[in-house]
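This report refers to the structure that appears directly beneath it.
The values are calculated or read from the model by the stated rules, or taken from the named source; none is laboratory data. Computed from a prediction, not measured in an experiment: that's the story for all the values here. So basically every Cβ, Gly included, is an ideal-geometry build from the backbone, and we count neighbours across all protein chains shown. All accessible areas refer to the heavy atoms of the entire protein, side chains included, with ligands and DNA or RNA removed. Shrake-Rupley method; radii C 1.70, N 1.55, O 1.52, S 1.80 Å.
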Amino acid sequence: MTNKIFLIVILVLGVFCPRPSFALPADDVIPLTDGDYYPQVHQTLTTAKKSIVCVMYLADINSKYKQGWEYNLINDLINAHRRGVTVTAIFDQNVMFWEAGNKQKKTERKSSEAYELLKKNGVPVYYDSIDRVTHSKILIIDDYITIVGSTNWTYSALRKNHEASVLIKSRSVAEAFLEKLGTISKYQPK
C-alpha cells in the first residue's frame, strides 16, 4: 500500500510541477573532466561545419606558452573562421586588482592577447559590458553542441587544475544558451 501511495504522489507532482522553458532530451551528454577537455574541444572545433560561439571568462595565450593547448584552441577558432565557419568570441573584460603599494583598485583587460590575435585574423571578437562580469565558459558549435563548465582557456585550467565541464548534444539546449548569450555584449545571435 505504501508503494502505491508513493507512486501516486510522484505522478501528481509530475503533472503539477512547472516545466523548464526548454527540453533537455539530449542525444548525448559527455563529461569532460581534467585532461578530457582539451582533446574533445579541439576535435569539436576542428570539425565544426557552420558556426562557433565562444564565451570565455579567461583565455590566456601569453608568450610563455605559445605552443600550449590554450593557444591551440584560439588557433582552432581562427582556422574555423578561415574555413568559412561563422565564429564569434566574447571575453570578460572586468578584473579588479589592487595595484602593489597603492590602495586604489585598477581594472585590467583580460584575454587581451587572445582578443588581439582573433581580431588580427578577422574573427569577430567582443568584450562583455564593463558593468557586469561574464564568468561563463561556454562553446556552442553548429547550433547543436554545447560545451559548458569550469574550464578557462589557461595553462593552469587545461594542464594542472581539476576542472569539470560537459559536452551536450541537444539543439534545444544550444538554442537556449544562444538566446541568453545575445544579452552580454554587442553580439546578437542570428
The correct count of residues that are at pLDDT 90 or above, farther than 16 Å from Pro31 by Cβ and open to solvent by 30 Å² or more (accessible area, probe 1.4 Å) in region 160-175 is 3
Regarding region 77-92, can at least one residue be identified that is at pLDDT 90 or above, open to solvent by 70 Å² or more (accessible area, probe 1.4 Å), of a type in the set (Ser, Thr, Tyr) and part of a strand (DSSP E or B)?
yes
